[in-house]
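Everything below concerns the one structure shown next.
Every read-out reported here was derived from the displayed coordinates using simple, explicitly stated rules and does not represent laboratory data. In this text the structure is predicted, and so the values were computed from the model without any measurement. Here the Cβ positions follow ideal geometry from the backbone for every residue, glycine too, while neighbour counts run over all protein chains shown.
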Amino acid sequence: MELVRILAEDLRTVVERDPSVRHRGEAFLHPALPAVWTHRVAHLMHNKGLRVTARFLMVLVRAFTGVEIHPGAVLGRRVFVDHGAAVVIGETARVGDDVTIYHQVTLGAVGWWRDNKRADGERRHPVIGARVVLGTNATVLGPVTVGDDAVIGAQALVIDDVPARALALAPAAVTQATQLRRKAS
C-alpha cells in the first residue's frame, strides 16, 4: 500500500507544480510521470534482485519518455521531472524529497576510465538534497553532494560539492548592442 500512496503523491505533485496541468486527469498525460512511476516499481524489483527485469522496464520507459533513470538510483518523495526529455540519472544517484528536475539534466558519473577503478558499491553519482532545483541542461557529475535548497542553474556543470542554499550558476550570455553598418553603394 505504501507504493500506491507514493504514486498518488507523485500525481498530486504534477498537478501542484506544473502550471499547465489543471487537474489529475490531465496529470496522467504528463510526459515524465510514467518514468517516475515506472522507476519506483523498477527500483523495488532491483532491490529484490530482479535487476534484468528492472533494467528492461526502464529501457522501455526511456524509449517512451526520453527519461533514463537507472533502477538502482534512489528517488525521494514528490520528485518532479518537468518536460522530461533527455534526463539521465545514474545508478548510485540519490535524489532528495521535493526536488525539481528540468529537461536535459544529467546526474552522472565522471566516466568509465575513473569509475572502473572504484570498489564495488562505492558511490559514482551525485547525492541531491531536499528541495533542490536542477535547471535545464544542468550536469552534476561524480560522487558530489548538492545540499538542501540549492539551485543548480541552467547549463551549469557541477563537479564539486554545493553547500545548502547555494546557487551554482553557469556564465550568462553576454549581450552587446551593435550598430549595423550599411555598405556604401
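Annotations for the structure displayed:
- If the chain linking ASP97 and ALA170 were pulled fully straight, counting 0.36 nm for each residue of separation and taking away their Cα-Cα distance, it would gain 23.8 nm.
- Computed from the C-beta positions of LEU157 and ALA177 and an R0 of 41 Å, the FRET efficiency is 0.90 to the nearest 0.05.
- For VAL99, neighbours were defined as the other residues whose beta-carbon sits under 12 Å from its Cβ, and their charges (Lys and Arg +1, Asp and Glu -1) total 0.
- Per-q log10 I(q)/I(0), the stretch 104-178, q = 0.11, 0.15, 0.25 Å⁻¹ (Debye; single scatterer per alpha-carbon; no solvent): -0.32, -0.53, -1.08
- Taking the convex hull of Cα positions in the stretch 2-168, its mean projected area over all directions (nm²): 9.4 nm²
- The residue among ALA156, PHE80, GLN176 whose Cα reaches farthest toward the positive pole of the charge dipole of the stretch 54-185, with charges on the beta-carbon of Lys, Arg, Asp and Glu, is GLN176.
- Sequence ranges 124-136, 38-50, ranked by mean other-Cβ count within 10 angstrom, highest first: 124-136, 38-50
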